[in-house]
Each structure stands twice: as C-alpha cells, then as structure tokens.
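Note sheet for the following structure.
The values are calculated or read from the model by the stated rules, or taken from the named source; none is laboratory data. Quick caveat, the model's predicted, so the values are computed rather than measured. Positions of Cβ are generated from backbone atoms using ideal geometry, with glycine treated the same way; all protein chains shown enter the neighbour counts.
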Amino acid sequence: MVAGISGGLSAATGIAVVYIRAAFLVLGLVWGLGVVLYVAAWAATIDIPTVEESGDEPAPQADRQTHLGAAMILLAALILVRSIGIWPGDGVLWPAAAIVFGSAFLLDQRGIDSRDFLTSLVDPGDNSMRRRSIVGVVLLVAGLSIFGTSAVPQIGTTLLAVLITGVGLSVLFGPWIWRLANDLGAERSERVRQEERAEMAAHLHDSVLQTLALIQRTEDPKRMLTLARQQERELRRWLYDRAPEAGTGSLSVLLQSTVDRIEADFDIPIDLVVAGGEVEEDLVIPLVAATGEALANAAKHSGAAKVSVYVEVSPEAVDVWVADQGKGFLVGDVNGDRRGISDSIVGRMRRHGGSAVVSSEVGEGTEVHLRIERERTS
Amino acid sequence: MTTVYLVDDHRLFLAGVRSELEGAVEIVGSAFDVDDAIEGIRETAPEVVLVDVHMPGGGGLAVIENVAETNPDVRFLALSVSDAAEDVIAMIRAGARGYVTKSITPEELIESISRVKAGDAVFSPRLAGFVLDAFADTMSAPLDPELDQLTPREKEVLRQIARGYSYKQVARRLSISVKTVETHVSAVLRKLQLSNRHELARWASHRRIV
C-alpha cells in the first residue's frame, strides 16, 4: 500500500494481496502493532520481493493449507497479544476483524468477470466465488451488527443503521460498479477504434480499390498512368491534409483541382509546383482560368508526354508558366478559329491587368507565361 | 559502370527500379530496411546509393547519417513518393546530392545517377520549387548573406528547373553551358546544406504538400 510490502508478501506466499492488507489492518487496530510490523517488514525488504500493485497480475495461487496456516498464525498472534494485555477490548477488535476480512472476501474478485458478479452469487456453477461472497457478506453483517450493538451504543441507532447500510452496500457493490465503469471505458475506446477502421476501410474501398480494379481492366498504359497519379494525389491529400484549409478558394487548391480535371480529361500527367504564399482573391479566378486554358491547349495539341506548371508568388507579382516539350508551333501561324489562346488566355489576362506571352518553337515545345502585377498598398 | 546500391522497403518498387537500371549501371546490392542498408553499403562501398525517404526505423535519413560517418565518399540520391518539404529538405541537409520523385522516367533516373556520381546536384522541379519558396525574399534579413541568399542567376536557373526543363534545356535557354548550370545548382545545394537561416527549418515544418 505504501511500500509495496503487502504486494511482496502476496507474491511470496501466494495469498491474495487483499487478505494480507486486511491482516495488517487488523493488527494495526491492536494499538498500532500492524503499523510496527509493516515498517519492520519494510526495513527488511531485502528479503521480500516487492512487486508493483497491479490487480491483474498472474500471482501464484496459494492452496487451502497455506491460507489456513496464515489464518491460524494471525489468530494465534491476536490471542497472544490479547493475553499479554496489549488489547483494545473484545467488543472492538473481533467485530472489526470480521468487518475487515468480510470486506476482503468481497473485494477479492480475482478471475471474475464483473458483469457476472450478481449472477455468481446465485449461480451454483461458480463455487469458489459464491463461497467467498457469502462468507464475506456473513462476516461483514455480523461484524457490523456486533460493532453497532456493543461498541458504540451511544451513537444514534438510526444514524448507525444508515451508516452500516451505506458501508455494507458500498463494500458489496463498489468494486463491481468500479469494474463495470472500467469495462465500459475500454469498450468505448475499442468501439472508437473500430469506427476509425471502418471509416478507413470505406474510404480505401471507394477510392484506392476502385482505382486498382479500374487499372487492371485498362489496356492503355497512358490511361493507367493517369489513374494511378490521380489516385496517388487523392490518397495523399486524404492522409496528410486531414482538415481542409479555411480558404478553400486559395490559388494552390484551385490550381490543383484544375490540374486534376485536365489530367483526367486528357490522360496526360501534369507537374504542378507552387512557390510562395497566398494571393489576393480577385487575382485567383482569372489566373486559374487562364492556366486551365493553357493546360488544355497543351494537352490537346502539343503531343507532349507531360506538362509542367510552375507558379511563383512574389510580393510584386504572380507568375505562372505552363510549359510542354511537345511539337510546338509557329506563334504567328495560329488560325483564327483557334480562339483559345487569344481570347481565353491573352484577353482574359489583359482584362484583369495582366499579361500573357506565348512562346513556341517547332519541335521544341511551347511555353505560356502568365503574369499579374500585385497592387501594393504600402 | 557506376556502382549503385538500392534501398527501398517496397520490394515491388525496388524490383522495378532494378530492372530499369540493369545494363546502364552496376547494381552491387539492395536492402529493404535501414540496418541492412547501412551494413550493405559499408560492405560494398558503392559510388551512388538510391535511397527511399520513408522507411521504418529512421528512414533514409538514418541511412545517410550513419553511412556518412564511415564512408564519406558514398553519394546519395533520394528517391521517394513523398513530396513533403520537411522530408526532402532534411535529406538534403543530411548530405543527399539530390532528390527525385518516383514518377521519374528511367532515362532521367540514369542521368541523375551519373550526375550524382560526378558530384553534381540533382534538382527535380519540385525540389527547385521548395528551394525558391524557402529562400524567398519575403523573409527577414539573412544572418549570412553569402549562404542565406540565392544569387539572381541561381534563382533564374532554379526557376527554369521548376518549369520542367532539363539541365541541357536550361543551359540553352539561358545561353550558358551545361557546366555552368551544374555549378549553379551545386552552389544552391551547398547553401541548402550549410545555410544557418533558422527560417529554413521552420519553413520546412510549416510547408504542406501541394
């Protein structure tokens, strides 16, 4: 309890720790004899292996003889001190011993499932538990009633009856309720774990497993690559970006979803690299739209194996480069019906105070550079 | 032929890389976990180690740190699906000569290995983006201007790499030699490894995956 002496004795003898504590408690009533013994044992702990006080350790089980012997020794010790004369009186000590050991019997619930406690009292199958419980209750009631009638008659009987009932009930049901609460807690955390597993399984099923199945049925290696890349990105977001950012309209988030969409539509891998922080809201939409248009053009016409997007946000401006290493074209040569570049990209950027420069070389690839100056309030 | 050692806990991926590299480099060994890798690299003393960033038992970082103590000549190229800036920067600061993602083509990977063997740095577009982000001008005054800032030319080279161009293309676009491009990126790598700017660590831990 204090120095682990009871636990150590329990481990050494195989007697459950509650009984040893009970013995110390009873001896303690004999003018502190138990306390003296406890301290003496503590001083001599070199011989006694002390163990951690944990209730569910597989302690060695003492047999009936050991228990009987230990009980005899305790009884003899009590009678001995009584004859010597260190004795607080028969009316106090015997009932007290009965109460202490009765409680000990009830507290000793080794190997018993808490929810079966009540049934074990009436269930003929579980003998040892039932015996312990009955002996405990009998000792407790006997001790309390003797104590109540002989030792402290001056206390109001009603108060005493309430007290006795309270003590009796708490000793009877306390450990059981405590264990029940413990079990409930364990059950709840287990359920939370299971729910998390279920959620993860559901997510993996809807995303990764579906994509894997799709990949197995796909003949086209380009399509396979796109599926794998999309799934990778989605899974990564799910794993690492648990809480979606507050500003879901931010440049990098919107660009990423545009990139995802074009990758899916055109089966072409797109590398997106963003350097720098956030951008004013009114610049985001035109930039994302123009980038999307440039990407779609590259995907449709370049014939390149992949497209790269690099975004740099500096205090002065936002720059976006969309580059492919495809077949390229002569910039002056674009037909009038290819309105994508002139309207969607150049026109859009101009309307928002920015610029778009398209450079291309036949056989080398194409690059679109979008730029919007940021208005500086300083 | 360049001697190469492979470290990756994903056996399937390891097998794939092995078959892609066969013939182009000499693979002297491979390992699936950190302890085997450290032992194997010390035994075979390869020129280049291709190392995965994320592995149980300390990851690629533990491999680099342990081997660097005994075999300072071994050069590392980090190869990972991870795009997390803090992981990438940690590998570079521990001594890796470069970082490429697993989506790299076999040809690019072989070129990267020979570049690392020659002592040059290998910057993927994403790594270039991370570095430009980390060394952005918006940060407070540098402690050591020599190490804590990039020169305009270095920045220009990094921007080209971030835009997806190979070293050769960068050289042509900027009208400089490939050797000069390599000099610039090696200087950037050195700054990454030696820079004291405390923002670098803070930046890396705050940076999220795009």
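Details
- Taking each residue of the range A:1-19 that is modelled with pLDDT under 70 and looking for partners that are of a type in the set (Phe, Trp, Tyr) with beta-carbon atoms closer than 6 Å, six or more apart or interchain, yields A:Ala3/A:Trp42.
- Consider the range B:148-165 and keep the residues that are surrounded by fewer than 17 Cβ atoms within 10 Å (Cβ to Cβ) and in a helix (DSSP H, G or I). The one that is farthest from the other protein chains (Cβ to nearest Cβ) is B:Arg153.
- In the range B:151-197, the residues that are hydrophobic (A, V, I, L, M, F, W, C) and within 18 Å of the chain's Cα centre (by Cα): B:Val157, B:Leu158, B:Ile161, B:Ala162, B:Val181, B:Val185, B:Ala187, B:Val188, B:Leu189, B:Leu192, B:Leu194
- For A:Val274: the one exception among (1) in contact with a helix residue (DSSP H, G or I) (Cβ under 9 Å, 6 or more places away or on another chain); (2) in the same structural domain as A:Ser359 (by TED's automatic domain parsing); (3) at pLDDT below 85: (3)
- Only one entry in B:Ala84, B:Ala90, B:Ala121 is hydrophobic (A, V, I, L, M, F, W, C) and within 14 Å of chain A (Cβ to nearest Cβ), namely B:Ala84.
- Look at the range A:216-235: where a residue is in contact (Cβ under 8 Å) with a residue 40 or more places away in the chain and within 23 Å of A:Ser257 (Cβ to Cβ), no partner that is surrounded by 17 or more Cβ atoms within 10 Å (Cβ to Cβ) and of a type in the set (S, T, N, Q) sits 6+ places away or on another chain with Cβ atoms under 9 Å.
- Single residue of the range A:256-271 satisfying the filter (part of a helix (DSSP H, G or I), within 13 Å of chain B (Cβ to nearest Cβ) and of a type outside the set (Val, Ile, Thr)) that is farthest from A:Gln325 (Cα to Cα): A:Ser257
- Verdict on A:Glu367 being more than 47 Å from the chain's Cα centre (by Cα) and either more than 14 Å from chain B (Cβ to nearest Cβ) or at pLDDT 90 or above (or both): yes
Residue-wise test of (1) at pLDDT 90 or above; (2) more than 19 Å from A:Ser308 (Cβ to Cβ); (3) within 12 Å of chain A (Cβ to nearest Cβ).
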residue	(1), (2), (3)
B:Ile113	yes, yes, no
B:Phe135	no, yes, yes
B:Tyr167	yes, no, no
B:Ser186	yes, yes, no
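- Enumerated helices (runs of 4 or more DSSP H) restricted to the range A:119-233, each holding at least 1 residues that are modelled with pLDDT of 75 or more, over 39 Å from the mean Cα position of the chain (by Cα) and not assigned by TED's automatic domain parsing to the domain that holds A:Ile268: A:127-146, A:157-204
- Test: residue in the range A:73-83 that is assigned by TED's automatic domain parsing to the domain that holds A:Ile164, modelled with pLDDT under 70 and surrounded by 11 or more Cβ atoms within 10 Å (Cβ to Cβ): no
- The set of residues from the range B:48-107 being farther than 22 Å from A:Glu232 by Cβ and of a type in the set (Lys, Arg) comprises B:Arg75, B:Arg93, B:Arg97.
- Answer residue from the range B:51-92, given it is part of a helix (DSSP H, G or I) and small (Gly, Ala, Ser) and is modelled with the lowest pLDDT among those: B:Ala85
- Residue match in the range A:247-256 (condition: under 21 Å from A:Arg236 (Cα atoms), aliphatic (A, V, I, L, M) and surrounded by fewer than 21 Cβ atoms within 10 Å (Cβ to Cβ)): yes
- Scanning the range B:93-111 for residues that are away from chain A (no Cβ under 14 Å), under 8 Å from the mean Cα position of the chain (by Cα) and not in a loop (DSSP other than H, G, I, E, B) yields a single hit, B:Gly98.
- Among the numbered conditions (1) under 14 Å from the mean Cα position of the chain (by Cα); (2) more than 16 Å from B:Ile110 (Cβ to Cβ); (3) assigned to a strand (DSSP E or B), the only one that B:Gly29 does not meet is (1).
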